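The values are calculated or read from the model by the stated rules, or taken from the named source; none is laboratory data. Predicted model, so just to flag it, every value in this text is computed and none were measured. In this analysis, Cβ positions are derived from the backbone assuming ideal geometry, glycine residues included, and neighbour counts consider all displayed protein chains. Just so you know, the surface numbers come from the protein's heavy atoms only, side chains and all, with ligands and any DNA or RNA stripped out. Shrake-Rupley method; radii C 1.70, N 1.55, O 1.52, S 1.80 Å.
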Amino acid sequence: MRFGVLRSGDNPAPLGPDGTLRLDETCNFNETWAEMENVLASGKVKAIGVSNFSTKTLEQLLKTAKIVPAVLQVELHPFLAQHDLLRYCREKGIVVAAYAATGYAPVRDDPTISALAKKYQVTPTQIILSWHVGRDTAAIVKSANIDRQKENLKIVALDREDARSIDALDRNQRLCIKPDRSGMVFGWSYDRLGWREGPPVRKLDVKL
C-alpha cells in the first residue's frame, strides 16, 4: 500500500488549479489498510505491506492497524541510508526492502565504493548489495543481463570498518523519487510524508 492520487477518467495524474496532483481525500491510509487486513484474513494473500512510509506515517498507521506491515519498501542506498527508519522497523518486526538499491551511477561511481570494490575484487554493485545484506535489508535489483544477475547473487562479508565507511556516505539524498516544482511528491508535502530534507543529522557518540 502506498499513498494515492485522484484518477480522472483515463488521466492517472490529474492536476488541480495550482498545478499539483489532485488527491483523493475520501479515505485515508488507515482505512485502506483495514481493507487490506480483510484481504489477508480472506486467505487471498499471504502478507501485506506498505511502500514509501516513514516513521511518522508508520506511527499513524499503527494507531489503528490490527496487523503490523510485513514489509516496508522504500528508496534506500548508501546516499539515503535511512538509519533511523531501519532501526524503527527492526523494533516493530517490519522487513525493509530497498528499491533503487544500488543508487544508480552516482553511488556506484563513488570513490569509497570503487575502492572497496577493488579491495574485495568484486563490482561496485556487489559491494552495495553486500552492504544491504549486512544490514538485514532486502534489496530489489533489476538486470536483463544474465551475467549481472549471477553477479548480484555473489555477496561478500564486509569488514565492520568498511561497512561503516559506506554508512558514512549517507547524505539524505533521494535519487529516484524527487519533489516536483511545487515541492510536492505525488501531491504530498515532505512534512506530510514524514520525509526529511537536507543532510542527515549526525549523532555523536559521547563518552562520559
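Of the numbered conditions (1) loosely packed, with under 15 Cβ neighbours inside 10 Å; (2) in contact (Cβ under 8 Å) with a residue 12 or more places away in the chain; (3) under 22 Å from residue 133 (Cβ atoms), residue 69 satisfies every one except a single condition; which is it?
Unmet for residue 69, out of (1) loosely packed, with under 15 Cβ neighbours inside 10 Å; (2) in contact (Cβ under 8 Å) with a residue 12 or more places away in the chain; (3) under 22 Å from residue 133 (Cβ atoms): (1).
Please work out which residue is modelled with the lowest pLDDT, limiting yourself to region 170-207 and to residues that are among the charged types (D, E, K, R), out of contact with any strand residue (DSSP E or B) (no Cβ under 9 Å at 6 or more places or on another chain) and loosely packed, with under 10 Cβ neighbours inside 10 Å.
207
With the requirement that a residue be over 22 Å from residue 80 (Cβ atoms) and either touching an Asp or Glu at 6+ places or on another chain (Cβ under 9 Å) or open to solvent by 100 Å² or more (accessible area, probe 1.4 Å) (or both), what does region 146-165 give you?
Across region 146-165, the qualifying residues are 146, 147, 148, 150, 153, 154.
Restricting to region 138-179, give me the number of residues that are out of contact with any Pro (no Cβ under 6 Å at 6 or more places or on another chain) and under 21 Å from residue 120 (Cα atoms).
Adding up the residues that qualify gives 23.
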